[in-house]
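Following: one structure in structure tokens, then a few remarks.
Where a number appears in this text, it was derived from the coordinates with a stated rule and is not lab data. Predicted, not measured: the structure shown is a model, and the values here were computed from it. Please note: Cβ atoms are built from the backbone with ideal geometry, for glycine as well, and neighbour counts cover all protein chains shown.
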Amino acid sequence: MTVAYRPSRARRLRRRHALAAATALGSVAAYAVIEPPREAHAQFRPQPMHLNTGRTTSSDDPATFQADKVDYDDNEHTVTWTGNVQVWQGDHVMRADKIVYDRDTGVVAARGNVATVQPDGSVLYAHYAELSGNMRDGIMQHVNAVLPENAKLAANGMRRTGGKLNDMSRAVYTACEICEKDKTRAPFWQFRAFDATQDLEHQKIDFRDAYLDILGIPVIYLPYFSMTDPSAKRHSGFLMPGITPHDRYLGTYFTIPYYWVIDDQSDMTMQGLFSTKTGPQISAQYRNRFNFGSLNIQGGLAYDTHRADSYTNDFGHDVEGGGGHGVQGYLFANAQFAINKYWRAGANVNVATSADYMRDYRIQGYGSDTLNSNAYLEGFGTGSYSRVDGQFYQGLNQGVIRNTDLPFVLPRYTYSFLGQPDAWGGRFGVSTTDFNVKRNNGTSDIRSQMALNWDRPFRNRLGQQFLLTLHLDSMVYRARKLYQQPNYYQNHKTLTSGQVLPTIALKTNWPFVRTFEHGRGSQIIEPIVQGIYAPNTGAGANDLIPNEDSLAYEFTDSTLFSLNRYQGTDRLDGGLRGNVGIHANWTWDGHEVDLLAGESFQEHITHDRIPYSGLDHHASDLVMRARVSPNQYFDFNARMRLDPYTTKVNFGDALFSAGVPHFRIRGGYVYEPVTPYYYYATNYRDSNPPALYYVKTSELSGGFSTDWENWHLSGFARRSLSRKEFVSLGGDIGYNNDCFGIDFMYLKQYTSIGGQQRNSTYLFTVSLKTLGAFGLK
């Protein structure tokens, strides 16, 4: 603050009259009358009051006070404000019952309910504060600080230096709620330290000779502990280390992560991994968010001392090790950038030197069949979408997938357009998916494809809804090595082939609707009939047409009324067929029961499909669906496909959930008579599918979850009924309150990958709010 000199008595009188005049003008509010006013206001221009990591207060900023009473003592050269005193400058505020300012020394002394509000939102309370040096230096007694994230810091005394450092004695820190009924009661957890330093410039708090108390009982002693100030949104420093006592491939290992704030839009997390069974690993993750996009790069480098053993896979084939010995690494990168409001570009890169390395060092993504990478350019318009990309795959399940079998796609082009209703009330659409597929071991082909579609909905006076569809598919191929996977044709030539398939369809829905419960509920009974005609093409196999996107075939309730029931367009449904179904729905008070049953009748039978497709006869399997949610305590979803000739179920799955508040059980079941994936792993045209193809999928799963106050408990299990063994099981139990969490999870997986069966995993985690989480795995 500015220090004034001692004027003469006459000058003092003139000064008081000038202040009173200024008050009348509204520029300065202070009073020189016999009876003091209830509130007094004044403005002056002192030196900066506080220095914080936020905006620095300037000496040019006006500092304003408000008080019930103000006294000037010209003998002592002091100004005293009493009664609800508030002083603020810029975004700094101080409150107290009484503040005395010594004009000679520049010392500000505040007593009684002293509180200062910082720009970051934190509040500092004290019984007594004495500040000097433009209020950047001083001492405080019986200090309490309220920080962001409900964190609290208290000390017997505090010394502030340069507005940057707060040195505290007998400091206590916690992020837990304080008991309202008994404020002397210890919080759930707290740090007690002989002394502590709050570095406002670097946004950290250092504790020395500290104890961690749980429920008032010391459990851990730390000679030194440093943490990021809760007011810091991002701060460089070491993160909580991790330790795993035992791992099959790493042995005992621990990780030390470090977080580096590069600038306001980018950061990097680096981590060292040290184990007892293999070499160390260094990994890092870099993130950058631009105004026009984002970039995320993660990678690692290690020296793997393990040598993978060969094994025999489920086909009976010998598989060599995955080559994970020596210097190994991985790179995962994701980038996306907006070119303008219509176009954007991006890339996803996921590569690793070997699957064994990912297994040994627990790299995220191990356990999947492949690592997928792509780069793309895509655009958006009114009713239209366009994308060109390239794709690359790396096999991880070496027992089944070899890299030489995987395709390299460059380029692939996709376009779709849906127009507005025309003069006839219909909507025209066009789409194309063109690609160039290259394989070292397998079919390589180029496809050019175009689909045209016109839909015209209408209805009659009886309430019947009609949908007329005119559709045209056309494809041209150039392919070689058709005798290899995934086609296995008996032809060694490079062929050019194609197909054109026009389709016409008419679908009729006739809903019968009634309401009940005074309009709060509704019931719908809806017969559905559809007729489809297209030339019978034999699904393309007779014309030696390659198959890239229609390897899987699914006939369920979701595809009953589809023009093409294959997943792609390399195989098309032709011939004359009719689809019928009955749909029923009841809805009331937000609850629902929805049922659907239907069947397809076809003139021609296509035998070039996966067995058990449901379409092996003129009359297809019956497909059914049920979704039942009658109240908040129960819901059920199920689908199935029933063979009307043998009364066998060829497909089925179901999920249910039931419970009351604080307790719920869940269950599920899935059944399929074959494993279609293995159908394309061998030459099925020369021989029958492998034995694995006929392994049934019959799996039952179930679990429960419960919570009560701050506790939670859950468990689950999956069991393969066809293999008569568990697939996985596990559970979780934990406790959480406003500032503390503890959790224990167990997971057992019985499946095998890479010739190795998984072990059990135990994960124990302790979380302290504002400090972080520490886990043992």
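Here are a few things to note about the model shown:
- Listed values for the range 545-559 are Karplus-derived 3J(HN,Hα) couplings in whole Hz (6.51 cos²θ - 1.76 cosθ + 1.60, θ = phi - 60°), namely 8, x, 10, 10, 10, 10, 6, 9, 10, 9, 10, 9, 4, 6, 10, and x replaces Gly and Pro.
- In this label model, Val430 and Asn736 are separated by 5.3 nm, measuring between points 7 Å along each Cα→Cβ vector.
- Taking Phe238, Phe656 and counting other C-beta atoms within 10 Å, the order from fewest to most: Phe238, Phe656
- Whole-Hz Karplus values for the range 721-727 come out as 6, 6, 8, 6, 8, 6, 8 Hz, taken residue by residue from phi with 6.51 cos²θ - 1.76 cosθ + 1.60 and θ = phi - 60°; glycine and proline positions read x.
- Ordered by the number of other Cβ atoms lying within 10 Å of each residue's own Cβ, fewest first, Glu378, Glu517, Glu201 fall into the sequence Glu517, Glu201, Glu378.
- Proximity of backbone amide H atoms, modeled 1.01 Å from N, is registered between Ile753 and Arg758 at under 5 Å, excluding neighbours fewer than 5 places apart on the same chain.
- Identified option (computed mean projected area of the Cα convex hull in nm²; candidates (1) 38.7; (2) 48.0; (3) 36.1): (2)
- Phi angles of the range 740-745 translate, via the Karplus equation with coefficients 6.51, -1.76, 1.60 and θ = phi - 60°, into HN-Hα couplings of 9, x, 9, 8, 10, 10 Hz per residue; Gly and Pro are given as x.
- Of the residues Ala773, Asn579, Met358, the one whose Cα sits farthest towards the positive end of the charge dipole of the chain is Ala773 (charges of +1 on Lys and Arg Cβ, -1 on Asp and Glu Cβ, taken about the Cα centre).
- Amide proton proximity set for Val674, modelled H, under 5 Å, gap of 5+: Thr697
- Near Trp189: Cβ cut-off under 15 Å, other residues only, Lys/Arg at +1 and Asp/Glu at -1. The net charge is 0.
- Given Lys696/Lys777; Lys152/Lys777; Lys724/Lys748; Lys277/Lys777; Lys69/Lys164, the pairs whose alpha carbons are separated by over 23 Å: Lys696/Lys777; Lys152/Lys777; Lys69/Lys164
- Note on Val123 and Lys233: their simple-model spin labels are 2.3 nm apart, each label 7 Å out from Cα toward Cβ.
- In percent, rounded to a whole number, the relative contact order of the chain is 5, using alpha-carbon pairs under 8 Å and six or more apart.
- Other residues within the sphere of radius under 12 Å centred on the Cβ of Ser294, judged by their own Cβ, net out at +3 (K and R +1, D and E -1).
- Between Asn403 and Tyr221, the contour length at 0.36 nm per residue exceeds the alpha carbon distance by 60.2 nm.
- Dipole of the range 236-405, positive direction: furthest Cα of His246, Thr370, Phe337, with charges on the beta-carbon: Phe337
- Cβ-derived FRET efficiency at R0 30 Å, Glu554 paired with Glu177, nearest 0.05: 0.05
- For the range 244-350: rounded, prolate or oblate by the Cα gyration tensor [a/c cutoff 1.5]: oblate
- For the chain, the mean residue ellipticity at 222 nm estimated from helices alone is -1000 deg cm²/dmol, where every DSSP H run of n ≥ 4 contributes -39500 (n - 2.57) and the total is divided by all residues, rounded to the nearest 500.
- Given R0 = 41 Å, the distance between the Cβ atoms of Asp206 and Asp707 translates into a calculated FRET efficiency of 0.60.
- The stretch between Gln523 and Phe636 holds 38.8 nm of extra length on full extension. This uses 0.36 nm per residue minus the Cα-Cα distance.
- Charge tally for Gly730 (other residues, Cβ to Cβ under 10 Å; Lys, Arg +1; Asp, Glu -1): +1.
- Going by neighbour counts of Cβ atoms within 10 Å, the residues Ile205, Ile220 line up, fewest first, as Ile220, Ile205.
- Amide H to amide H, with H built 1.01 Å from N, Ile214 comes under 5 Å of Val219, counting only residues 5 or more places away or on other chains.
- The modelled label-to-label distance for the pair Asn313/His142, using points 7 Å beyond Cα in the direction of Cβ, is 7.6 nm.
- Length gained on full extension, Thr370 to Tyr385, computed as 0.36 nm times the residue gap minus the Cα-Cα distance: 2.6 nm.
- For Lys481, the lysines whose Cα falls under 21 Å of its own Cα, not counting residues fewer than eight places away in the same chain, are Lys438, Lys493.
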